[in-house]
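Novice: Quick one: the structure is below, questions incoming.
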Amino acid sequence: MSRQLAFQRIWQHISIGRTRTFIRYSGGAVNYGVLANLVTRFCALFDRNKLSEGDRVLIVTANEMVASAAFVAAMLDGLVPVMLSADSKDDRVKAIFESVSPALVVVDRQLAGKADGGNSKAFMTAVPALNVPSATMFQSHSGIGAKLRNILNRDRPATVDAELGLPGSGREPRLPQVDDTIAYVLFTSGTSKLPSGVQISRNALIAQLETLTRLFDYDSDSRIFNATPFSHTDGLVQGLLLAVANQAALLRPGPFSLPDLENWLDRLAEFEATHFITNPTVLTLIDRFAAHDDYFGHAGFFSILSSASILRADFWAKFESRFGCSIYNLYGMTETVANATYAGRHPEMGPVGTIGFPVDCEVRLVDSGANGRELVSDREGEIQIRGENVFQGYWKDPARTATTLVDGGWMRTGDLAKRRDDGAFQIIGRLSAVINMGGQSIVPEEIDEALASHPAVLDVATVGMSDSEFDEIAVSAVVLESPASESELIRFCRQHLEQLKVPKRIIAIDEIPRGGAGKPKSAELRTLLAPLMAHAARVPATDDSASVSAGAIYELAAEVFHVPAEDLHADSSAATVKGWDSFNQLNLLIEAERRFDVRIPASQAARIRTLGDLHQAITRKQ
């Protein structure tokens, strides 16, 4: 079918496949009929608020069903959806809100209604809004099926209007042509003063979806297991949009977490997944803590697609051998819609252990020659990409666009690579300061901006420090004007940054090394921070694990999570403790083994959900 008919085809998939599963959660499933119903009513909402082609729709909700429908409806109706994470802090949301000037916002009711402070979105009251009901009515990961279907039933328009605020009847989307008009804007990490929005055209999006569909055999029988948030390009493109483009089922198992690892992995077979979209960090943690080897052995499973970071050749082979599955490694970024080069056992792809060959685009390596001229290199240099899947530029940032899109449409990536003798590309480093933590990009300046607003911080610089599981972690160096503990500064960051962007360590030093232009000397700073990160244990090690008290566990957890020890107890878990994510749980286990001189088997570690579980694992006779 012609690319110009792509939006018509997507809408046909949605509107005709009403009985087919659209999204499945652990608590139930929603079919394409519900999505079609929502899309038409969103289109009627656009009419009610007099939106016209090109107007922006800002979406900030934890409800994935409503977010999906709002995004798809806006895109298919010729509007420009802008999807943000529901845990985005006020200053970031406000900066993006002011930048895109939305004609409509879709926001969680409890966020929009709060007063100043906390998660207030009061500044949104200047434009029309759809306030999404609380999670008790529309769960993100469970209990969504029957309640939502009842509310959205065509025979109950009054309930729809009362509960969700959508019109009781709808209209079909306008289905614009596929051209270089903006399809959506996705904001990557950036400071609140200068948020960075990537403009993806309709043509670039459809070109990428066609490439992915061809390479990985997506069709209406595909079941895409993808836990990445929709505010990230791998969740949006390789999840939501790839599903609706193929009338496939999107499987949402809930966020990845070590305490729930076995249940999370079991959902692959339970949901009958065909494609597993993930990243090397998740695969590393699966290999380290999974108790079994048969998660990918069910009938119909196609492959694991790993993106957002580099997959090492030795680990790649080890994982495939242990779990009896195949892996593809995909390299790209938000600016390439999703991916540009591909590696794996496929005739169009490069060999295992590389980022492979470009598919449906071009790649070249560029180095800096004399007088600052850029010269094309045969062997080593910065990766530059050109093709239909390359973005149009940064939202309202012509200066950055001009430095990124150069020389006839080539896009600078900031990644350094070499070309092997077989023609495949292999990453060797970065030019940019962006931190890649577990496949998520973090701009250090955003952390610096938040920390600099603390009254005790005189100077700050954040760098990425190498980490075996997470590739890199964000570590901030601060110069203090007055006393402030690391825990206090971490808690301050949690108030101003999304959880992902909170630095894993904040270390006070006497002076931050800077160059003549005032920029931090990153390499020198990393060398300075490395020995300081290996701080001495505050609790002496013991060879008598049975003597370890619950209080000692709470003290250790308080240090790792940067929370008061008196707030912790045996039932404390990821659901109740701020900062208890997969990274910090791994840190907790490693530090517990070192500090208490024990070895926690992987089979036990994966079952630790509370501090009481950890205490039992340590005091159990080895």
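Read-outs throughout are calculated quantities, based only on the coordinates presented, and are distinct from any laboratory measurement. As the structure is a computational prediction, the values presented were derived from the model and not from experiment. Cβ placement follows ideal geometry from the backbone for every residue including glycine, while neighbour counts extend to all protein chains displayed.
Novice: For the peptides 49-57, 37-45, what is the packing order when you average, over each peptide's residues, the other Cβ atoms within 10 Å and list the highest mean first?
Specialist: 37-45, 49-57
Novice: Would you work out which of 563, 600, 551 lies farthest towards the positive end of the dipole of the stretch 545-619? Charges go on Cβ: Lys and Arg +1, Asp and Glu -1.
Specialist: 600
Novice: So, one more: When only Cα pairs under 8 Å and 6 or more residues apart are kept, what is the percent relative contact order across the chain?
Specialist: Reported relative contact order: 10 percent.
Novice: Report the gain in length on full extension from residue 519 to residue 567: 0.36 nm times residue separation, minus Cα-Cα distance, nm rounded to one decimal.
Specialist: On the way: separation 48, 0.36 × 48 = 17.28 nm, distance 3.96 nm.
This chain segment gains 13.3 nm when fully extended.
Novice: Among 523-534, 337-348, 23-34, what's the highest-first ranking by average C-beta atoms within 10 angstrom per residue? Don't skip to the end; give the middle numbers.
Specialist: Details: 523-534: 13.1, 337-348: 22.0, 23-34: 20.2.
Descending mean neighbour count gives 337-348, 23-34, 523-534.
Novice: Just order 326-333, 458-465 by mean Cβ neighbour count inside 10 Å, highest at the front, would you?
Specialist: Final packing ranking: 326-333, 458-465.
Novice: Assign one of three labels to the chain, namely rounded, prolate or oblate, based on the Cα gyration tensor with a ≥ b ≥ c the square roots of its eigenvalues; rounded applies when a/c is under 1.5, prolate when it is not and a/b is larger than b/c, and oblate otherwise.
Specialist: On the way: a/c = 1.36, a/b = 1.22, b/c = 1.11.
It is rounded, given that a/c, with a ≥ b ≥ c, falls under 1.5.
Novice: Sum -39500 (n - 2.57) across every DSSP H segment of at least 4 residues in the chain, then divide by the residue count to get the 222 nm mean residue ellipticity, nearest 500.
Specialist: Per the formula, -9500 deg cm²/dmol.
Novice: I need the per residue convex hull volume for the stretch 435-533, using only the alpha carbons, in cubic angstrom as a whole number.
Specialist: 96
Novice: Only Cα pairs under 8 Å and at least 6 apart count here; give the relative contact order of the stretch 435-533 as a rounded whole percent.
Specialist: This gives 26 percent for the stretch 435-533.
Novice: Still on this model: Over the stretch 21-117, what is the relative contact order in percent, taking alpha-carbon pairs closer than 8 angstrom and at least six residues apart?
Specialist: Worked out over the stretch 21-117, it gives 29 percent.
Novice: Within the stretch 32-57, list the residues whose amide N lies under 14 Å from a label point set 7 Å along Cα→Cβ of residue 169.
Specialist: So the set is 41, 44-45.
Novice: Of 500, 457, 107, which is farthest on the positive side of the dipole of the chain, counting Cα position, with +1 on Lys and Arg Cβ, -1 on Asp and Glu Cβ, and the Cα centre as origin?
Specialist: It is 107.
Novice: Now for a different question. To two decimal places, what compactness ratio does the stretch 545-619 give when its Cα radius of gyration is scaled by 2.2 N^0.38 Å? Don't skip to the answer; put the middle values down first.
Specialist: Working: Rg = 10.9 Å, N = 75, 2.2 N^0.38 = 11.3 Å.
Expressed relative to 2.2 N^0.38 Å, the Cα Rg reads 0.96.
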